[in-house]
Amino acid sequence: MHLSVIGCGYLGAVHAAAMASIGHDVVGIDVDERKIASLSKGEAPFFEPGLPEILSEGIASGRLRFTTDMAEAAGAQVHFVGVGTPQVKGGYAADLTYVDAAIDALLPYLAEGDIVAGKSTVPVGTAATLAERVAPTGATLVWNPEFLREGWAVQDTIDPDRLVAGVPAGPAGERAAEILRKVYHPSVGKGTPFLVTDYATAELVKVSANAFLATKISFINAMAEIAEVTGADVTQLADAIGYDDRIGRKFLGAGIGFGGGCLPKDIRAFSARAEELGRGESVAFLREIDEINMRRRDRAVDLVVEGLSGSVFKKNITVLGAAFKPHSDDIRDSPALDVAVRLHGLGAWVTITDPAAIENARRIHPQLNYVDDRDEALRGADAVIVVTEWDEYRRQLSPEHAATLTQGRIVIDGRNCLDAAAWREAGWTYYGMGRP
Ligand code: UDX
């Protein structure tokens with residue numbers, strides 16, 4: 001099938017390449033010339049395992065191309081819209097400027113029977129409004145939310161755990177759902193659940209999934225706070241409750257909390273939208289979820305201060321990690337980088353290392369000292385804090401080896417990812433999050 005993908009950021013670039021890899025003919029369109037130039041050469045503008053490979057394959061096969069010219073969307077049967085919906089400046093709501101601009105730019109090229117498939121995360125009610133704008137062209141709007149995780153984006157797009165299509169009532173909606181089934185033929189063929197809903201449900205599926213995930217993380221982090229005043233160990237608590245398959249162990253990793261380009265902004269936009277709908281109280285708990293999450297960053301900083309006997313002023317602190325999670329170079333709303341910045345603000349000499357995110361971090365926080373080599377970064381440190389659980393720190397850094405490099409033997413495990421007993425045995429004073 002001929003497809004266009006409008007917006008070639010995280011979501012769109014991966015979607016375009018993944019659709020080409022399952023046999024479609026795809027044109028990716030974005031207003032950012034640099035992004036398009038890089039994608040056209042088969043280079044991913046961000047770190048995402050597996051993406052460079054499917055980009056190059058798609059381009060070599062002739063089935064994938066990128067352009068800044070919206071006119072090239074003409075002729076595609078399905079137009080995916082995957083532009084960003086950031087948090088508005090000075091508020092919590094989602095900024096729909098890019099979605100509106102993408103739809104406006106696409107309208108002149110739509111033909112009778114085309115499908116416009118919205119993938120961006122939007123406030124509930126957006127699709128119904130956009131559908132009215134699309135209707136005069138004879139195209140049909142569907143809402144097809146995306147659940148990809150950064151770091152696993154290629155796999156999540158090619159082989160998702162479910163597909164959701166929000167469609168209008170009646171034959172046009174049924175036809176649109178049928179066409180989307182064809183687009184996602186490998187997943188549909190192997191029996192991946194394909195849920196057909198109305199617009200509002202499809203929009204809500206996405207934000208409520210992210211709200212639930214954020215809630216799960218903040219729940220365990222709230223238990224970490226209780227563990228801290230009772231001497232309990234939140235990691236054992238998570239294991240024990242996680243064996244209950246109604247609860248499950250996933251997303252019960254206590255630590256410095258969630259960040260990234262999705263969870264923080266999505267729960268805030270959801271609160272803002274619920275308030276507009278007169279149902280603010282229904283998701284009032286999301287404010288607490290956000291606050292618990294932010295408090296964990298304070299806690300990590302406090303532990304470093306405590307480890308260094310009350311002050312970090314003029315102390316050498318090595319921060320292991322900058323990305324909001326491993327397998328990503330994304331530093332948007334990264335709790336890891338925030339902890340580093342806060343320590344710097346307290347007068348510490350902060351050295352940061354990260355396998356993928358240094359360049360991005362340096363651009364936003366040039367005041368910090370960045371070192372590519374992990375061991376070089378550790379040299380002379382008075383204290384070490386792990387804030388992103390990369391294998392390079394979690395598995396491949398032995399406490400004995402680290403001790404040969406640092407000045408002090410204080411380690412703060414901001415992700416509860418180290419073997420506490422092994423670090424203590426090697427002479428380190430170990431501090432976990434919500435652990436004795
Ligand atoms: C998330 C959703 O998982 C995905 O479905 C959606 O499409 C986009 O948002 P992503 O932002 O890539 O994906 O990251 P995710 O893997 O969900 O992690 C989010 C944050 O939560 C990270 O900062 C991570 O470190 C943190 N986290 C995750 C925890 O603190 N504890 C956990 O147990 C799990």
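The values are calculated or read from the model by the stated rules, or taken from the named source; none is laboratory data. Given the structure is predicted, the values throughout are model-derived calculations rather than measurements. Glycine also receives a Cβ, built like all others from the backbone with ideal geometry; neighbour counts cover every protein chain displayed. Remember, those area values only see protein heavy atoms, side chains included, never the ligands or the DNA or RNA. Shrake-Rupley method; radii C 1.70, N 1.55, O 1.52, S 1.80 Å.
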Centre separation in Å (Cα based) which lies between segment 326-394 and segment 218-262: 24 Å
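Over all directions, the average projected area of the alpha-carbon convex hull for segment 2-197 comes to how many nm²? Provide the component values of the computation, followed by the final result.
On the way: hull surface 42.0 nm².
So the mean shadow area of the Cα hull is 10.5 nm².
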Length released on extending from GLU178 to LEU195, taking residue separation times 0.36 nm less the Cα-Cα span: 5.0 nm
Pairwise label distance in nanometres, SER61 with ASP239, each label 7 Å out on the Cα-Cβ vector: 4.4 nm
Cβ-based charge dipole, segment 279-368, positive-most Cα from LEU320, HIS365, GLY347: GLY347
Lysine pair number, Cα distance threshold 21 Å (strictly under), the chain, separation 8 or more or different chains: 15
On Cα atoms only, tilt of 171-183 relative to the major axis of the chain in degrees: 60 degrees
Relative contact order (%) - segment 199-436, alpha-carbon pairs under 8 angstrom, separation at least six: 22 percent
Shape metrics for the chain, restricted to C-alpha atoms - Rg then Dmax, Å: 23.3, 71
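Which whole number in µm²/s is D for segment 3-70 by Stokes-Einstein, with the Kirkwood Rh taken over Cα pairs at 4 °C and 1.567 mPa s? Walk me through the numbers before you get to the answer.
Numbers: Rh = 11.1 Å.
Estimated diffusion coefficient is 116 µm²/s.
What order do you get for 127-133, 19-25 when each peptide is scored by the mean count of other beta carbon atoms within 10 Å, highest first? Please list the in-between numbers first.
Values: 127-133: 17.1, 19-25: 20.4.
Packing order, densest peptide first, comes out as 19-25, 127-133.
Please give the peptides 367-376, 412-421 ranked by average Cβ packing (other Cβ atoms within 10 Å per residue), highest first, as a rough proxy for protection.
Details: 367-376: 14.6, 412-421: 22.5.
By packing density, highest mean first, the sequence is 412-421, 367-376.
Take peptides 292-305, 30-43 and line them up by average Cβ neighbours within 10 Å, highest first, as a rough protection proxy.
Numbers: 292-305: 19.8, 30-43: 16.4.
The peptides rank, most packed first, as 292-305, 30-43.
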Global form of segment 203-249, assessed from the alpha-carbon gyration tensor, a/c cut-off 1.5: oblate
Between 0 and 90°, nearest 10: helix 199-230 axis offset from the chain longest Cα axis: 10 degrees
Solvent-accessible area of CYS262 with every protein chain in place, 1.4 Å probe, in Å² to the nearest 10: 50 Å²
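Treating only the Cβ of Lys, Arg, Asp and Glu as charged (+1, +1, -1, -1), what charge dipole size does segment 64-131 show about its Cα centre? Round to the nearest 20 debye. Show your work: numbers first, answer last.
Numbers: 3 positive and 7 negative charges, 55 e Å.
Result for segment 64-131 is approximately 260 debye, rounded to the nearest 20.
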Rough spin-label spacing in nm, given labels placed 7 Å along Cα→Cβ, for VAL31 and ALA403: 5.7 nm
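What number, rounded to the nearest 500 deg cm²/dmol, is the helix-based mean residue ellipticity at 222 nm of the chain, given -39500 (n - 2.57) per DSSP H run of at least four residues and division by all its residues? Write out the running numbers ahead of the final one.
Numbers: 18 runs with 192 residues, N = 436.
Using -39500 (n - 2.57) per qualifying helix, the result is -13000 deg cm²/dmol.
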As computed over segment 91-230, the Cα convex hull volume per residue (Å³): 144 Å³
Scattering profile of segment 199-436 at q = 0.10, 0.11, 0.13, 0.15 Å⁻¹ [log10 I(q)/I(0), Debye over alpha-carbon scatterers]: -0.47, -0.57, -0.78, -1.01
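Quick check: with the 1.4 Å probe, what order do LEU397, LEU277 take by accessible area, largest first? Write down the numbers at each step before the final one.
On the way: LEU397 10, LEU277 95 Å².
These residues rank, largest area first, as LEU277, LEU397.
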Given charges at beta-carbon only (K, R positive; D, E negative), |dipole| of segment 199-436 in Debye: 260 debye
For ALA117, residues with placed amide H under 5 Å, excluding near neighbours: HIS79, PHE80, VAL81, VAL142
Given charges at beta-carbon only (K, R positive; D, E negative), |dipole| of the chain in Debye: 400 debye
